[in-house]
1. For the subset of the range 93-108 comprising residues that are away from ligand 2 (no atom under 16 Å from the Cβ) and within 17 Å of residue 206 (Cα to Cα), which member is surrounded by the fewest Cβ atoms within 10 Å (Cβ to Cβ)?
2. Yes or no: the range 69-78 includes at least one residue that is touching a helix residue (DSSP H, G or I) at 6+ places or on another chain (Cβ under 6 Å), of a type in the set (A, V, I, L, M) and surrounded by fewer than 20 Cβ atoms within 10 Å (Cβ to Cβ).
3. Hey, can you tell me all the residues within the range 403-451 that are among the β-branched types (Val, Ile, Thr) and either crowded, with 16+ Cβ neighbours inside 10 Å or in contact with a Lys or Arg (Cβ under 9 Å, 6 or more places away or on another chain) (or both)?
4. Check off (1) more than 17 Å from residue 347 (Cβ to Cβ); (2) surrounded by fewer than 19 Cβ atoms within 10 Å (Cβ to Cβ) for residue 270 and give me the number that stays unchecked.
5. Every residue in the range 366-398 that is under 14 Å from residue 355 (Cβ atoms) and touching a Cys at 6+ places or on another chain (Cβ under 8 Å), please.
6. Kindly indicate the residue of the range 341-389 that is hydroxyl-bearing (Ser, Thr, Tyr) and out of contact with any Asp or Glu (no Cβ under 8 Å at 6 or more places or on another chain) and also farthest from residue 311 (Cα to Cα) among those meeting that condition.
7. Determine if the range 362-374 includes at least one residue that is outside any strand (DSSP E or B), buried (at least 22 other Cβ atoms within 10 Å of the Cβ) and modelled with pLDDT of 95 or more.
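The values are calculated or read from the model by the stated rules, or taken from the named source; none is laboratory data. Because the structure is a prediction, the values reported are computed rather than measured. Every residue, glycine among them, receives a Cβ derived from its backbone with ideal geometry; neighbour counts consider all protein chains shown.
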Amino acid sequence: MSDNSSKKVAIVVLAAGKGTRLKMDIPKPLAPLHENTLVDYVIDTFKDFGDITLVTGHQRELVEGHVNERFENINYVYQKEQLGTGHAVQTYLNNFDNSREYDYTIVTCADTPLITKETVNILIEEIEKGSNAVCATFTAENPAGYGRIVRKGDGFQIVEEKDANDDQRQIDEVNSGLYIFKTLYLMDHIFNLSDDNKSGEFYLTDTFSPEANVTPLLFEDPREFLGVNNLIQLSQADIYLRRSIARFLMLEAGVRFTDPSHTYCYSKNIGQGTHLFQNAFIDDKTVIGKNVIIEQGVTIKNSIIEDGAIIKANSYITDSKVSKGASIGPMAQLRPGSNIGEGAKLGNFVEVKKSNIGKKSAVSHLSYVGDAEIGDGVNIGCGFITCNYDGANKNKTIIGDGSFIGSDTQMIAPIEIGKECYVASGSTINKSMPDGSFAIARGRQETKEGMAKRFIKKKTDK
Ligand code: UD1
Ligand code: CA
């Protein structure tokens, strides 16, 4: 981009349409893709290239409200009636104050979320060779619904499906809906459009003609130009998105997948030597270090997993951090605010919430740790429970370094256990303990010789 920085680029995102074919109760630009919306991906791709203006119309308050929450410096123009893509660009040129000051104007659609920055760069490089406009095209396996690229001499025109004759319908090179124009050329041609066509719309595509100095640029991989018009294409977009991330992770980052087609990884922040097993779900906000193992069925959202950790099967982690070499699960849950120290070990059916667990501490089986500060080298037996909630407030449990907490122990918070304490199994602890102390809090056992047969008999006699 550095050699383009002298040229001012404007980006127009067409986002006014209703998206009827999608059959969702929201405007199409807000259709969900992973944990974002279609238009989020478009803005993310284009925001580094210039100033973005969205042409909004249908449910514009929702679209603009969403975009304003996520991005800064986005402009909007309102296309009150949706009279076609050409009309949308006319509306932009007439209503966005500085629209005519940019050297180049890129036009793209809110429903094509997978276009890459690389492609945008290629378009800019191409127009700098002197064309008036460049249109990104691809060869479609099934061209139905797309505008056909009709090449004539050096130039071309675009014929919409509805207006095409039988010969033109056979053409499989189609219009992606992504273009770059010299702004002067766009201004000269966009106001001469006619709506004398089968749709009765003003087509942006009619700005191209064989006589004009315009270039169709054929891209090999059609997937990034997928337009989302219905729910089949929405799921296809999700698949393509994950595929391109998996491809990057495997070829560039050195991340191993057991089966990328059954792994739901949306993060590109994963280190070399990490192995993702089947059915793992990793969201786009998660960062994973090197040589981590993520076993089958694990879900991780908005979390950090450091080098050498292992997350065993079916564990569920949100808004948490797992430090180097720690081991989680199988079937453990880290709820928001959990911070697991280096080399710590959480076993099966352990739930942790808003707690720090120190280095090399272990909570190996069937426990609930909530609102707790557990020190380093603490060993917590099976079936431990922090009673952190008294019905009104959440209270804290603190356990010092090197303490040993026996199995089936409850801590009634707020409570503070010192360092190197020892709590006997089966204790309900409701008083704080000083460093080095021992506590036992359970009913005393009585053993009556020979008495068992009374009870056993009762049962078998019935
Ligand atoms: C358009 C192209 C077609 C191309 C295809 C690629 C035209 C005439 N046709 O067809 O050549 O192959 O995209 O996906 O341009 N929109 C507005 N205002 C309007 C009409 C549409 O903002 O008045 C927006 C829509 O919200 C959408 C985008 O423009 O984001 C494209 O409109 P859509 O109706 O989906 O066009 P296609 O029929 O797909
Ligand atoms: Ca479309």
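1. 93
2. yes
3. Residues satisfying the conditions are 405, 409, 412, 415, 417, 423, 428, 429.
4. Checking residue 270 against (1) more than 17 Å from residue 347 (Cβ to Cβ); (2) surrounded by fewer than 19 Cβ atoms within 10 Å (Cβ to Cβ), the one that fails is (2).
5. 367
6. Filtering first and then ranking leaves 389.
7. No, that holds for no residue.
So that you can scan it fast, the table gives a plain yes or no per residue for (1) closer than 27 Å to residue 192 by Cβ; (2) out of contact with any Lys or Arg (no Cβ under 6 Å at 6 or more places or on another chain):
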| site | (1), (2) |
| --- | --- |
| 27 | no, yes |
| 33 | no, yes |
| 38 | no, yes |
| 50 | yes, yes |
| 71 | no, yes |
| 77 | yes, yes |
| 84 | yes, yes |
| 102 | yes, no |
